[in-house]
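The values are calculated or read from the model by the stated rules, or taken from the named source; none is laboratory data. Bear in mind the structure is a predicted one, so any value in this text is a computation, not a measurement. For neighbour counting, all protein chains shown are included, and Cβ atoms are generated from backbone atoms with ideal geometry for every residue, glycine included. With ligands, DNA and RNA removed, areas are computed over all heavy atoms of the protein, side chains included. Shrake-Rupley method; radii C 1.70, N 1.55, O 1.52, S 1.80 Å.
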Amino acid sequence: MMITQPALKDRSLLGLKELSRDEIESILNRAAHWEAQKEKLVPVLESHFVANMFFENSTRTRFSFEMAEKRLGAQVLNFTAAASSVEKGESIYDTVRTLESMGIDAGVIRLKPSGVLQQLAQKVNVPLVNAGDGNNEHPTQALLDLYTMRKAFGELKGLRVSIIGDILHSRVARSNLWALQKFGADVRFCAPQTMQAPELAEHAPYVGLEEALDADVVMMLRVQLERHKHGLITSAEDYREHYGLTEERASRLKPSTIIMHPAPVNRNVEVDDAVVESAASRIFPQMANGVPIRMAVMERAMKL
Ligand code: CP
C-alpha cells in the first residue's frame, strides 16, 4: 500500500481536525504496511535529518518517534528544553529556526501552549509534526488509537467510543473526536463537571458513567494534575469511586469491549491495576502501534 504523498508544504501534521478522511486512511494503511515488515530497519529515509524537539516531558511519544525514525534510517537529533538555550531564555521560534538553519528536513515538536504551533509552521520551511500541543491536538496519538480500534473491529464506522475523564485538558480527546467522526464513529464523553470542555458539547454528548460503559471502546484519560490550576478532584480515591474503571465496572463491560488509555496511567485511579493488565486492555498494544503509525507519518513528512 503506497502512501499518498502530499506537496512539500502540506507535509506538516499539525492536527486531525483539518486532515481529510482520505489522508488519515492513507496513513493508517501505510502503518499496516510498516507493521507487516519483517526487517526492523528499512532505510527509506537515509540521509534525512529530523529533530525531535520536546518542550514538555514525554516517554511514549518521544521514544516511539525516535524508534520510527531510526527504523526508517533517518539521522535523529534529540532536543530537550532543559538541556538547551531555552534555559537562557531562547524562544521556541528561535530554537526551531536554529535547527532549520543547520539543515534538518523535518521537526517533531511537543509544546506546552496551545495555538503556537500553527503560527510556527507558517514561519518555517520544514515540515513540522505535532507531538502534542497544550490541550489542542495530539494527532499521532489519535492515529495510533484509530489504528488500534481498526485492528480490533475491522472498521470504525458505527463504533461507539466513550472517552472518559479529564476532557477539559485532553488533546487526545480532541484529536480522537475530530478523526473518529470523519469515519462515522459515535463518540461520547463522560467527565466530572469540573473536567468537561463546554465547547465540545456541540460535537459529542456528555453522558453518565453507566451509559458510557455501554460502548465498543472505553477510552480512559489521565487526570492531568499538572495542568489543573486549582484542585479539580477531591482525592484519588474519590475520583476512582466515581469515574474510575474499577475491576467491578470492567466486569460488566460487553465481552467485545476494548479498554484504551493513552498513558501514562495513574493505576488504581483512572483504571484498576488488574484492568490495565486484562485481556480487554489495549494499553500496551497502543504503544506498540505508535511505532508503525509514526513511521508512516515521518515518511509522509520527509520522503521525496
Ligand atoms: N501518550 C503520550 O503522549 O505519552 P507521553 O506523554 O509519555 O509521550
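Some points to look at:
- Any hit, the stretch 295-302, residues being farther than 25 Å from PRO127 by Cβ and either within 16 Å of the ligand (Cβ to nearest atom) or part of a loop (DSSP other than H, G, I, E, B) (or both): no
- Residue, farthest from the ligand (Cβ to nearest atom), within the stretch 71-91, restricted to residues that are part of a helix (DSSP H, G or I) and surrounded by fewer than 17 Cβ atoms within 10 Å (Cβ to Cβ): LYS88
- Residues that are open to solvent by 20 Å² or more (accessible area, probe 1.4 Å), within 23 Å of GLN141 (Cβ to Cβ) and polar (S, T, N, Q) do not occur anywhere in the stretch 242-251.
- For LEU232, the stated conditions hold: it is modelled with pLDDT under 95, buried (at least 18 other Cβ atoms within 10 Å of the Cβ), closer than 17 Å to ALA173 by Cβ and more than 16 Å from the ligand (Cβ to nearest atom).
- Note on the stretch 21-60: residues that are assigned to a helix (DSSP H, G or I), in contact with a Ser or Thr (Cβ under 7 Å, 6 or more places away or on another chain) and within 16 Å of the ligand (Cβ to nearest atom) amount to 0.
- Matching residues, the stretch 27-60, being of a type in the set (A, V, I, L, M, F, W, C) and over 22 Å from VAL172 (Cα atoms): TRP34, ALA36, LEU41, VAL42, VAL44, LEU45, PHE49, VAL50, ALA51
Rundown of residues vs (1) among the β-branched types (Val, Ile, Thr); (2) over 17 Å from ALA296 (Cα atoms), yes/no style:
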residue: LEU28; (1), (2): no, no
residue: PHE65; (1), (2): no, no
residue: ARG71; (1), (2): no, no
residue: ALA82; (1), (2): no, yes
residue: THR98; (1), (2): yes, yes
residue: PRO113; (1), (2): no, yes
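- Within the stretch 206-225, the set of residues being in a helix (DSSP H, G or I) and at pLDDT 95 or above comprises LEU209, GLU210, GLU211, ALA212, LEU213.
- Residue, nearest to the ligand (Cβ to nearest atom), within the stretch 276-294, restricted to residues that are open to solvent by 10 Å² or more (accessible area, probe 1.4 Å) and of a type in the set (Gly, Ala, Ser): ALA288
- Taking every residue in the stretch 246-275 that is within 16 Å of the ligand (Cβ to nearest atom) and pairing it with any residue that is of a type in the set (D, E, K, R) and open to solvent by less than 40 Å² (accessible area, probe 1.4 Å), at least 6 positions away or on another chain, the pairs with Cβ-Cβ distances below 8 Å are MET260/ASP145; HIS261/GLU270; PRO262/ASP145.
- Residue match in the stretch 146-157 (condition: at pLDDT 95 or above, more than 27 Å from ALA212 (Cβ to Cβ) and among the acidic types (Asp, Glu)): no
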